[in-house]
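Here is the structure we will look at.
Just so it is clear, none of the values below were taken in a lab; they were calculated from the coordinates. This structure is a prediction, so every number in the text was calculated from the model and none was measured. Every residue, glycine among them, receives a Cβ derived from its backbone with ideal geometry; neighbour counts consider all protein chains shown.
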Amino acid sequence: NAETPPSEKEEEIASYSTKVSGSTSNRLTNIRITCKKLNGTTVNTGETFSFCEITGPSTAEEGYKEATMFLDGKEVQSLGGGNCQVSSTLYNAVMNMARKFHMFQTVKMPPFHMVLLILSLKIIQITI
């Protein structure tokens with residue numbers, strides 16, 4: 001997944017941000033690695049976006065560190081702690097885009113389930 005710099009024709013159409021202040025250095029490392037994997041991703045009309053397929057497993061070989069994550073409602077230390085913040089932030093940015101273009105009717109969606117039916121999406125840059 002190569003990083004693609006924005007062209008002159010590209011512009012931000014939606015965004016969403018979450019705070020990482022107060023995060024441990026391990027958590028910030030994990031977030032940076034995951035954002036780097038997502039940057040430059042293009043989802044064309046009719047394609048399915050899978051966060052897990054693009055980012056792959058959170059392994060020490062990939063540089064991931066142990067950081068806090070939640071498992072069965074409890075805090076645990078695990079490789080890739082912080083990835084859920086990246087996925088939920090991305091999800092909310094896409095939902096903001098969908099709202100802007102009135103792309104969907106109000107429906108109850110399962111958590112972390114995202115469907116893009118109409119519009120192509122290119123993730124230009126995710127930064128912390």
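Observations, loosely collected:
- Over all other residues within a Cβ to Cβ distance under 14 Å of G63, the charged ones net out to +2, with Lys and Arg as +1 and Asp and Glu as -1.
- S21 versus S50: modelled label distance in nm, points set 7 Å from Cα along the beta carbon direction: 3.8
- Extension gain, K74 back to A60 (0.36 nm per residue minus Cα-Cα distance, nm): 2.8 nm
- Peptides 37-45, 69-77 ranked from most to least packed by the mean count of surrounding Cβ atoms within 10 Å: 37-45, 69-77.
- A simple count of charges around G80, restricted to other residues whose Cβ falls under 13 Å of its Cβ and scoring Lys, Arg +1 and Asp, Glu -1, yields +1.
- Under-5 Å amide H pairs with G80, H placed in peptide plane, nonlocal only: K65, A67
- For the range 81-97, 3J(HN,Hα) per residue [Karplus equation, 6.51 cos²θ - 1.76 cosθ + 1.60, θ = phi - 60°, Hz, x = Gly/Pro]: x, x, 4, 5, 5, 5, 5, 6, 5, 4, 3, 5, 5, 5, 5, 4, 5
- The stretch between S87 and K36, if pulled fully straight at 0.36 nm per residue, gains 17.1 nm over its current Cα-Cα span.
- Most to least packed among 94-101, 17-24 [average Cβ atoms within 10 Å]: 94-101, 17-24
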